[in-house]
1. Which one, T105, A203, N242, projects farthest toward the positive side of the charge dipole computed for the chain from Cβ point charges (K/R +1, D/E -1)?
2. Loop-only check: which trypsin sites (Lys or Arg not before Pro) in the range 28-117 are DSSP coil with at most 15 other Cβ within 10 angstrom?
3. Near the amide H of V409, under 5 Å away, which other amide H atoms are found, from residues 5 or more places off or on another chain, if H is placed in the peptide plane?
4. Relative contact order for the range 105-197: what percent, with Cα pairs under 8 Å and sequence separation of 6 or more?
5. Stokes-Einstein D for the chain at 4 °C, 1.567 mPa s, Kirkwood Rh over Cα pairs, in µm²/s?
6. Expressed as a whole percentage, what fraction of the accessible surface of the chain belongs to carbon and sulfur atoms when a 1.4 Å probe is rolled over the protein heavy atoms?
7. Please give the per residue accessible area of the chain, computed with a probe of 1.4 Å over protein heavy atoms only, in Å².
8. Per DSSP H run of n ≥ 4, the term is -39500 (n - 2.57); total these for the chain, divide by its residue number, and report the mean residue ellipticity at 222 nm rounded to 500 deg cm²/dmol.
Amino acid sequence: MANVVVVGAQWGDEGKGKIVDWLSEQADVVVRFQGGHNAGHTLVIGGNVYKLSLLPSGVVRTGKLSVIGNGVVLDPHALAAEVARLQEQGVAISRENLRVAENATLILSIHRELDALRESGSAGTKIGTTKRGIGPAYEDKVGRRAIRLMDLADLSSLGDKIERLLTHHNALRRGFDLDEFKPEAIYEELASIAPKVLPYMDAVWRLLDEERRAGRRILFEGAQGALLDVDHGTYPFVTSSNTVAGQAATGSGMGPGSVGYVLGIAKAYTTRVGEGPFPTELFDETGELIGHKGKEFGVVTGRKRRCGWFDATLVRQTVRTSGINGIALTKLDILDGFETIRIGVGYKLDGQTIDYFPASQLAQGRVEPIYEEFEGWSGSTAGARSWADLPAQAIKYVRRIEELIGAPVAVLSTSPERDDTILMKNPFEA
Ligand code: IMP
């Protein structure tokens with residue numbers, strides 16, 4: 001099976017952009033299967049910088065089919081704006097190279113507003129979201145009152161759907177002492193954007209089945225990270241979708257056997273944005289230094305990321321919940337020059353040693369990491385392109401990570417440059 005799914009093995013921002021770009025060059029089809037425009041990555045191709053949030057990475061390369069699957073929540077305004085921005089940069093985007101699932105759920109302005117309201121503190125439910133309306137849109141999807149892309153193709157039936165949606169949302173608004181939404185305003189919002197997004201609509205499950213039968217290589221591009229998964233992550237401080245590899249099948253309408261090789265992306269240390277537990281977080285100058293050297297600021301929101309040591313217990317868990325076959329380890333060069341480096345290898349919880357991250361929010365906040373300490377390396381790993389270029393201590397660090405997480409490092413990335421990569425296994429040829 002020549003398909004590949006890429007997932008973040010931590011809390012997102014693992015440096016998926018560079019790896020996905022390299023893989024998308026080898027793929028025929030690139031599919032987004034969860035999340036929405038809460039994701040963000042920057043691609044640098046031929047000196048041009050492209051910022052993507054919602055569109056699959058393949059869209060900036062000619063001859064690739066980009067697909068937004070049913071598992072994505074789609075803000076039609078964000079889609080139209082991102083397409084227009086890329087077109088201005090000279091990227092050709094049309095139905096030829098972009099398709100969006102007819103059954104994808106739409107994010108509306110009411111979802112963005114509700115997300116922001118909950119995050120404002122007055123509603124007392126702060127998660128540290130990206131305020132893009134992701135959570136409220138997924139709530140409406142499973143609440144069976146969502147408006148989906150296909151609904152824009154039949155404006156005459158939209159009125160009833162809006163009524164159903166507003167029965168729920170206006171009850172909430174009354175609870176918050178806010179003015180109710182007017183159905184006409186929602187109708188207008190949708191009717192005006194429909195012509196911009198409908199041209200891309202398709203039955204994606206059927207299209208992907210045809211592509212698979214024709215032997216085309218499919219790359220499934222995950223967003224966020226497995227620790228932000230709504231089931232397997234640090235609930236409730238998670239995103240609202242399943243971010244684990246199994247979602248690649250459900251979120252695109254393919255069978256689990258179609259997914260193929262699972263490549264997990266992990267940083268050589270750990271970062272997180274937003275609220276929630278983070279056992280190996282550093283609150284000292286070492287954490288500041290990692291953040292500074294690693295330029296740890298969010299692409300979408302510009303927020304400063306929290307930084308800490310590599311937590312092998314967490315990544316071992318995501319290796320299992322996503323069935324990760326190999327890891328792409330990124331940003332090893334950021335650890336160059338540290339005198340000592342630590343890896344979290346387990347936790348202490350109420351006097352007991354445990355080798356997993358407990359599911360309860362209370363316990364997650366109470367665990368204390370157990371560390372293994374390593375002598376750092378004085379040489380540089382930046383720009384290394386073979387094992388021979390790496391200091392012995394850096395190799396020892398990577399080998400220990402492999403042992404602890406129970407998965408091999410298939411790809412080692414040593415700088416943002418595309419060629420500064422050590423390749424052990426090409427996932428498409430695994
Ligand atoms: P939401 O996805 O906007 O609902 O945010 C929920 C949580 O997921 C917050 O902690 C966000 O910071 C985090 N999150 C969402 N998207 C990303 C991402 O692309 N990278 C890292 N964290 C993210």
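1. Selected residue: A203.
2. Those that pass, being in a loop and sparsely packed, are R95.
3. It is I327, by chain and number.
4. 23
5. Result for D is 58 µm²/s.
6. That fraction is 50 percent.
7. 41
8. Result for the chain, helices only: -9000 deg cm²/dmol.
The values are calculated or read from the model by the stated rules, or taken from the named source; none is laboratory data. Everything numeric in this text was worked out from a predicted model, so none of it was measured. Neighbour counts run over all protein chains shown; Cβ positions are idealised from the backbone, glycine included. Ligands, DNA and RNA are excluded from the accessible area calculation, which covers all protein heavy atoms including side chains. Shrake-Rupley method; radii C 1.70, N 1.55, O 1.52, S 1.80 Å.
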